[in-house]
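Novice: Structure in C-alpha cells, see below.
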Amino acid sequence: MQIPIGSYVPGDSAVHRADPRAKLLVTFFLVAALFTLKSWYLIVALCTVMMLVCVIARINVRTFLRMLKPVLWIGAFTLIVNSFSFVGGFHFILPGFMRGMFFVVRLFVVMGSTALITLTTSPVALTDGIAIMMRPLARLRVPVEDVAMMISIGIRFIPTIAEEIDRIILAQTARGATFNEGSLLKRARAWIPVLIPLFVGLFRRADALARSMDARCYTGIGRTHLRELKLKLSDVALMVVSGLLFVLIVGGVIR
Amino acid sequence: MLSFSDITIQYTTQSQPLLSNVSFDVEQGKHVVLLGSNGSGKSSLMLCALGFLAPSDGGVVADGFSMGDAHQAHQARRFLGYVGQNPDDGIVATHVTDEVAFGPENLGLPREEIARRVDEALAKVGLSDYKNREPHTLSGGQKQRLVIAGALAMHPRYLLLDEPCSMLDPAARGDILALIEQARAEGLGILHITHDIFEAKNADEIIVLCGGAVAFRGTHSELLQHESDFDEWGIELKAPFVERDGIALSETQYDLEGVGVTYLEGNQQISALREASIVIHKNEFIVIEGQTGAGKSTLLKALAGLLDVTTGAITFEDQPFSTKRARGAVGLVFQNPEMSLFGETVLDDVAFGPRNFGASEAEALQAARKSLSEVGLDPVTFGQRTPLKLSGGEARKVALAGVLAFSPRVILADEPTAALDASGRLAVRRLLAQCSRAATVIVVTHSPEEFVSMADRVFHLEDGSISEVEKGSWKRASLRGESN
C-alpha cells in the first residue's frame, strides 16, 4: 500500500540538513510573496530558485513531478477555461492564456515548494519543528505538547493501520467479499466488513497504547526532549534573507 | 517489594468473583511467574499492579507506594517497567531512538542523561545497530525487544510482563526469555504472566491461578510433580495426541510445478518462494513449518489464489489454478482471524461467507448454524451474541466456523493456535483433525510439534525453499519449545 506521508527521501544535502523551522518559515514567505506578485520576472526568478533547491537536494525530477500530480488537472482546467472564448464564436485569446499561465505557474510553485519540505524533512523533524513554532500558543492555553504528541502518534500508526487494512481486506476476500462489483451503494456497503473490525481494532489499540504511555509516566507536563533543534548560523541567515526579500517584494520595492 | 495482599476482584455483586484473596510478593532479583489459562484473572492482577484497576478488596503496595491511590501510583510507575502482549500497540514513536527516550523524557531527565540511557538500553536488548530505524520496519521479536528497552531506560526496579512472548516465534521467544534472565541477574524484580509452562522454566517462583485462587505455588520442578492436576489448571506440558482417522489418498488437490514468487522491495528483487514443486492430495493433512520470514504467508496466499505466481504453475483439481477457481473452494484462516469479525451477531458473521458465495439467506443461516455446531458452539444461544465481545478461544472458533460455513474443499490455516491457552489450542487442533475428513487441511506454523501427531506429511520452509521432512524427526510429544 502506498503511504502518502512517506514521501520523505532521506539524504544528506544542505537542504536536508537545514533546520525544519527555517524551511517552514522560508516556504511561508515564498508562498505569501507569490500572492502579491504582479510581474513575470519575479515568478520566473522564484521558479529558478525552486529548481536550484531541487538540484542541491538531489531530488529526482520524476519524484518531484509526481508530487505535483494532484494539481495537474486543476492547472489544466484553469488554463483551458482562461484561453478560449465562446463570445462571438469559439476562438483562442492570448491575454487569457497568459493570465491562465500566471495562475498555473504560481500554483505549481506553491505546490512544489511545500513538496520540497516533505521530500527533504523527516516526519519526526517536521513535527518537532511545528511543535516548537507553536509553543507561543501555549500561552493561549493551547495544549501544544499534546497536539505534537498526537501528530507524532498519528504518523507512527499509519504503517500499522495500512497493514491492518490489507490484512482485513485479504481475510474478507477469502470469505468471498468483493469490493469492485455492483452499484455505488453496493460497493460502499462492501466496505462495512472491513471498517467495523478496523475500528474495533483501533479502539483496542488506543486502550493498549494509553496503558503503555501511562506506564511510562506520560502526563504531557514537565517533559524534556532528547532531540533539541539548534539553529545554525546558516539557518538564521536563510531566514533573515528570505524575510528581507519578502518585505521588499510586498513593499513593492522589487517588482 | 511489590506485595499483593488479599486481592479480590468482583465485577458485579451477584457474580462469582474473578479472584478471591490472592496474596503474594515479588522481591527485587526474583522472577515470579503467574501461570493460568485465559480468564483466570492474571491480566487483571497486572492492571492492579500498575494502578490501572482498583481491586474490590485488598491492594497492591510497591516499595511503600499504595497503587490504589492515583497520585502514589503515578509516583510508583517511575520504577515499574511494563511490557504488554502486543508490541505494535505499545510503541509510541516513529523512530527507535525516540521510542526508548519516551520514558526518560517523561521523567524530565536532562538531555545528556537521556542519550546515555537510550544507548545503554538499546545495547542491553541488542538493538544498537537499529538506532535510526523506524519501528514498523522491525520484526515482531525486535519490536518486543524495543518495548523492553523503553522500559529499561527508565531504570525500573521491577519489570511487569504481560504475556510478552505469546505473539512471537520460538527464536524470538528465546531472545525475550534471555533478556528476562539478564534483568533478574541485574537485580530487577520480575512479575511475568504467561499461559505457557515452558516460559516458567527458570522462575524462582511459579504461582498457578485457577478458579479465582492460587492453586499452586513453588518451583518449576515442584510443579512438574503435580502433572495430574495440569488439565484442571489449564496447563499444557505436551501437545496431547489428537486422534485422526487415516483416509486413503488418491486424487490430487494441488500440483505445484516450479512455483516461484518474487517481488520488488525498493530496488531489491526479493524471492519469497523459490522453485516449489510439491503434490498435495485430497483429504491430506499437511503441516508446513518455518520461521518468521521463511515465506510462509507468500506460500499461503499462492495456495489461496490471492497472488499471481511469478514462475511455474499451480494445478488445482487437475485444472489451472486462479483466483476465480479458488473462490469458495479454498478457505483461508488467517493468523488471529478473530480480528476480522464484524457481524451484528455471531450467526450473522458466520453466514457472511455462504451469502457471498451465492447462497440464499435461508441457506446461509442454515449453513452457519451447522458450522457453529461443528465447532462446538450452540447456534441458538451463542449465535445471538455479539462477535466483538468473545474470549480469545471463542472468537477463534467463530472465525473457524466462518470459513467452514461455505464448505471449502481446502482449509489453509496460518498459525491457528497462536496466542491461545492450552484448552483453546487443543480445541482448535481437534477441530482441524475433524475438518480433514471432508477437506484437505494445510497448516502453516512455526511450532509444528502441536500438529505433527495429526499430519500425513510435514514440510520445512526456509528462505523460500520448501522440502519434505521425515515426520518421525519431530518428537511426537516433545515439550513445547524444546526443539529450538
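The values are calculated or read from the model by the stated rules, or taken from the named source; none is laboratory data. All of these numbers come straight from a predicted model, not from anything done at the bench. Here the Cβ is made from the backbone with ideal geometry for all residues, glycine too, and neighbour counts use every protein chain on show.
Novice: Against the definition (surrounded by fewer than 22 Cβ atoms within 10 Å (Cβ to Cβ) and either more than 7 Å from every other protein chain (Cβ to nearest Cβ) or part of a helix (DSSP H, G or I) (or both)), how does B:E112 come out, yes or no? Write out each step before concluding.
Specialist: Values: surrounded by fewer than 22 Cβ atoms within 10 Å (Cβ to Cβ): yes; either more than 7 Å from every other protein chain (Cβ to nearest Cβ) or part of a helix (DSSP H, G or I) (or both): yes.
Considered against the rule, which asks whether it is surrounded by fewer than 22 Cβ atoms within 10 Å (Cβ to Cβ) and either more than 7 Å from every other protein chain (Cβ to nearest Cβ) or part of a helix (DSSP H, G or I) (or both), B:E112 comes out as yes.
Novice: How many residues are of a type outside the set (D, E, K, R), part of a helix (DSSP H, G or I) and either within 12 Å of B:L146 (Cα to Cα) or out of contact with any helix residue (DSSP H, G or I) (no Cβ under 8 Å at 6 or more places or on another chain) (or both) if we restrict to the range B:72-101?
Specialist: Here is the first cut: in the range B:72-101, the residues of a type outside the set (D, E, K, R) are B:72-76, B:79-87, B:90-97, B:100-101.
From what is left, the residues that are part of a helix (DSSP H, G or I) are B:72-76, B:79, B:87, B:90, B:96-97, B:100-101.
Still in the list and also either within 12 Å of B:L146 (Cα to Cα) or out of contact with any helix residue (DSSP H, G or I) (no Cβ under 8 Å at 6 or more places or on another chain) (or both): B:72, B:74-76, B:79, B:87, B:90, B:96-97, B:100-101.
So the count comes out to 11.
Novice: Right, next: Look at the range B:76-90 and say how many of its residues are at the interface with another protein chain (Cβ under 7 Å from one of its Cβ atoms) and either of a type in the set (F, W, Y) or touching an Asp or Glu at 6+ places or on another chain (Cβ under 6 Å) (or both).
Specialist: Summing the residues that are at the interface with another protein chain (Cβ under 7 Å from one of its Cβ atoms) and either of a type in the set (F, W, Y) or touching an Asp or Glu at 6+ places or on another chain (Cβ under 6 Å) (or both) in the range B:76-90 gives 2.
Novice: Still on this structure, I have one more. Considering only the range A:229-243, state which residues are over 21 Å from A:P143 (Cβ atoms) and either outside any helix (DSSP H, G or I) or within 14 Å of chain B (Cβ to nearest Cβ) (or both).
Specialist: As a first pass, look at the range A:229-243 and keep what is over 21 Å from A:P143 (Cβ atoms): A:230-243.
The answer is A:K230, A:L231, A:K232.
Novice: Yes or no: B:L404 in contact with an Asp or Glu (Cβ under 8 Å, 6 or more places away or on another chain) and surrounded by 24 or more Cβ atoms within 10 Å (Cβ to Cβ)? Even if it seems obvious, please write down each step before you answer.
Specialist: Details: in contact with an Asp or Glu (Cβ under 8 Å, 6 or more places away or on another chain): yes; surrounded by 24 or more Cβ atoms within 10 Å (Cβ to Cβ): yes.
Judged against the criteria, B:L404 is a match.
Novice: On the basis of being within 14 Å of chain A (Cβ to nearest Cβ), of a type in the set (S, T, Y) and in contact (Cβ under 8 Å) with a residue 60 or more places away in the chain, does B:T298 make the cut?
Specialist: So B:T298 passes the test.
Novice: Another question about this same structure. Select from the range B:329-369 the residues that are buried (at least 23 other Cβ atoms within 10 Å of the Cβ), aliphatic (A, V, I, L, M) and in contact with a strand residue (DSSP E or B) (Cβ under 8 Å, 6 or more places away or on another chain) and list them in ascending order.
Specialist: Result: B:V330, B:L332, B:V333.
Novice: Right, another one. Pairs under 6 Å by beta carbon, first residue at positive phi and at pLDDT 95 or above in the range B:108-126, partner assigned to a helix (DSSP H, G or I) and not small (G, A, S), six or more apart or different chains?
Specialist: That search, which allows pairs on different chains as well, returns nothing.
Novice: If A:G176 meets every condition in (1) part of a helix (DSSP H, G or I); (2) under 22 Å from B:D348 (Cβ atoms); (3) at the interface with another protein chain (Cβ under 9 Å from one of its Cβ atoms) apart from one, which number is that one?
Specialist: Every listed condition holds for A:G176 apart from (1).
Novice: Let me ask something else. Here are some residues: A:M149, A:M213, A:M133. Which one is more than 10 Å from chain B (Cβ to nearest Cβ), assigned to a helix (DSSP H, G or I) and more than 21 Å from B:F352 (Cβ to Cβ)? I'd like the intermediate steps shown before the answer.
Specialist: Numbers: A:M149 fails: more than 10 Å from chain B (Cβ to nearest Cβ); A:M213 fails: more than 10 Å from chain B (Cβ to nearest Cβ).
Every option except A:M133 fails the conditions.
Novice: Residue by residue through the range A:57-92, note down the ones that are exposed (fewer than 14 other Cβ atoms within 10 Å of the Cβ) and either in contact with a Lys or Arg (Cβ under 6 Å, 6 or more places away or on another chain) or of a type in the set (V, I, T) (or both).
Specialist: Of everything in the range A:57-92, those that are exposed (fewer than 14 other Cβ atoms within 10 Å of the Cβ) and either in contact with a Lys or Arg (Cβ under 6 Å, 6 or more places away or on another chain) or of a type in the set (V, I, T) (or both) turn out to be A:V61, A:T63, A:I74, A:I80, A:V81, A:V87.
Novice: All but one of (1) facing chain B (nearest Cβ under 10 Å); (2) part of a helix (DSSP H, G or I) hold for A:R189; state the number of the condition that does not hold.
Specialist: The number of the failed condition is (1).
Novice: Which residues, counting only those in the range B:190-206, are under 15 Å from B:E222 (Cα atoms), in contact (Cβ under 8 Å) with a residue 40 or more places away in the chain and under 20 Å from the mean Cα position of the chain (by Cα)?
Specialist: If we filter the range B:190-206 for residues that are under 15 Å from B:E222 (Cα atoms), which is where we start, we get B:197-198, B:200-206.
Narrowing the set further to residues that are in contact (Cβ under 8 Å) with a residue 40 or more places away in the chain leaves B:197-198, B:200, B:202-206.
Of everything in the range B:190-206, those that are under 15 Å from B:E222 (Cα atoms), in contact (Cβ under 8 Å) with a residue 40 or more places away in the chain and under 20 Å from the mean Cα position of the chain (by Cα) turn out to be B:I197, B:F198, B:A200.
Novice: Separate question: Got a sec? Which of A:Y8, A:Y41 is out of contact with any strand residue (DSSP E or B) (no Cβ under 8 Å at 6 or more places or on another chain) and farther than 26 Å from A:D235 by Cβ?
Specialist: On the way: A:Y8 fails: farther than 26 Å from A:D235 by Cβ.
Of the residues listed, the single one that is out of contact with any strand residue (DSSP E or B) (no Cβ under 8 Å at 6 or more places or on another chain) and farther than 26 Å from A:D235 by Cβ is A:Y41.
Novice: Mind listing just one residue for me: the one in the range A:215-244 that is in contact with a Phe, Trp or Tyr (Cβ under 7 Å, 6 or more places away or on another chain) and of a type outside the set (A, V, I, L, M, F, W, C) and, of those, surrounded by the fewest Cβ atoms within 10 Å (Cβ to Cβ)? Even if it seems obvious, please write down each step before you answer.
Specialist: Restricting attention to the range A:215-244, the residues satisfying the condition of being in contact with a Phe, Trp or Tyr (Cβ under 7 Å, 6 or more places away or on another chain) are A:215-216, A:242-243.
Filter again for of a type outside the set (A, V, I, L, M, F, W, C), leaving A:216, A:242-243.
Working: A:R216: 25, A:S242: 19, A:G243: 14.
So, considering only residues that are in contact with a Phe, Trp or Tyr (Cβ under 7 Å, 6 or more places away or on another chain) and of a type outside the set (A, V, I, L, M, F, W, C), the one surrounded by the fewest Cβ atoms within 10 Å (Cβ to Cβ) is A:G243.
Novice: Out of A:I169, A:I165, A:I161, A:I221, I need the residue that is within 28 Å of B:T345 (Cα to Cα) and more than 25 Å from the chain's Cα centre (by Cα). Which one?
Specialist: A:I169
Novice: If you don't mind, there's one more thing I want to ask. B:S277 - would you say it is out of contact with any helix residue (DSSP H, G or I) (no Cβ under 6 Å at 6 or more places or on another chain) and closer than 22 Å to A:D166 by Cβ? Talk me through it step by step, then tell me what you get.
Specialist: Details: out of contact with any helix residue (DSSP H, G or I) (no Cβ under 6 Å at 6 or more places or on another chain): yes; closer than 22 Å to A:D166 by Cβ: no.
Judged against the criteria, B:S277 is not a match.
Novice: What are the residue pairs meeting all of these: first residue in the range B:207-223, first residue farther than 21 Å from B:D6 by Cβ, second residue surrounded by fewer than 19 Cβ atoms within 10 Å (Cβ to Cβ), Cβ atoms under 6 Å, and 6 or more apart or on different chains?
Specialist: Partner pairs satisfying both residue conditions: B:H220/B:K201.
Novice: Is at least one residue of the range A:205-225 at pLDDT 90 or above and among the hydroxyl-bearing types (S, T, Y)? Before you say what the answer is, go through the steps one by one.
Specialist: First pass over the range A:205-225, keeping only residues at pLDDT 90 or above: A:205-218.
Checking which are among the hydroxyl-bearing types (S, T, Y) leaves us with A:212, A:218.
Scanning the range A:205-225 turns up at least one residue that is at pLDDT 90 or above and among the hydroxyl-bearing types (S, T, Y).
Novice: Please pick out the residue among B:P55, B:P104 that is more than 10 Å from chain A (Cβ to nearest Cβ), farther than 30 Å from A:E164 by Cα and not in a strand (DSSP E or B). Give the derivation first.
Specialist: Working: B:P104 fails: more than 10 Å from chain A (Cβ to nearest Cβ).
Of the residues listed, the single one that is more than 10 Å from chain A (Cβ to nearest Cβ), farther than 30 Å from A:E164 by Cα and not in a strand (DSSP E or B) is B:P55.
Novice: Looking for something away from chain A (no Cβ under 14 Å), farther than 30 Å from B:I278 by Cα and aromatic (F, W, Y) - is there at least one such residue anywhere in the range B:364-383?
Specialist: Of all residues in the range B:364-383, those away from chain A (no Cβ under 14 Å) come to B:365-366, B:369-370, B:372-383.
Pick out the ones that are also farther than 30 Å from B:I278 by Cα and you get B:365-366, B:369-370, B:372-383.
This time we only want the ones that are aromatic (F, W, Y), so: B:382.
Within the range B:364-383, one or more residues are away from chain A (no Cβ under 14 Å), farther than 30 Å from B:I278 by Cα and aromatic (F, W, Y).
Novice: I'm told A:A171 meets every condition in (1) within 14 Å of chain B (Cβ to nearest Cβ); (2) assigned to a loop (DSSP other than H, G, I, E, B) except one. Can you identify the failing condition by its number?
Specialist: Evaluating A:A171 over (1) within 14 Å of chain B (Cβ to nearest Cβ); (2) assigned to a loop (DSSP other than H, G, I, E, B) leaves (2) as the failure.
Novice: Say we look at the range A:1-28 and pick out the residues that are polar (S, T, N, Q) and in a loop (DSSP other than H, G, I, E, B); which of these is modelled with the lowest pLDDT? Can you show your working first?
Specialist: Going residue by residue through the range A:1-28, those that are polar (S, T, N, Q) are A:2, A:7, A:13, A:27.
Filter again for in a loop (DSSP other than H, G, I, E, B), leaving A:2, A:13.
Details: A:Q2: 40, A:S13: 88.
Within the range A:1-28, the match that is modelled with the lowest pLDDT is A:Q2.
Novice: Is it fair to say B:D229 is acidic (D, E), touching a helix residue (DSSP H, G or I) at 6+ places or on another chain (Cβ under 9 Å) and surrounded by fewer than 23 Cβ atoms within 10 Å (Cβ to Cβ)? Lay out the reasoning, then the answer.
Specialist: Working: acidic (D, E): yes; touching a helix residue (DSSP H, G or I) at 6+ places or on another chain (Cβ under 9 Å): no; surrounded by fewer than 23 Cβ atoms within 10 Å (Cβ to Cβ): yes.
No.
Novice: Of everything in the range B:126-161, what is of a type in the set (S, T, N, Q) and either part of a helix (DSSP H, G or I) or within 12 Å of chain A (Cβ to nearest Cβ) (or both)? Give them in sequence order.
Specialist: Step one: of the range B:126-161, the residues of a type in the set (S, T, N, Q) are B:128, B:132, B:137, B:139, B:142, B:144.
Across the range B:126-161, the qualifying residues are B:S128, B:N132, B:T137, B:Q142, B:Q144.
Novice: Kindly state which strands (runs of 3 or more DSSP E) lie completely within the range B:245-346 and contain at least 2 residues that are under 26 Å from B:R437 (Cβ atoms).
Specialist: B:252-265, B:279-281, B:285-289, B:311-316, B:330-333
Novice: Give B:F352, B:F321 a once-over and let me know the one that is of a type in the set (A, V, I, L, M, F, W, C) and more than 8 Å from chain A (Cβ to nearest Cβ).
Specialist: Numbers: B:F352 fails: more than 8 Å from chain A (Cβ to nearest Cβ).
Matching residue, one of B:F352, B:F321: B:F321.
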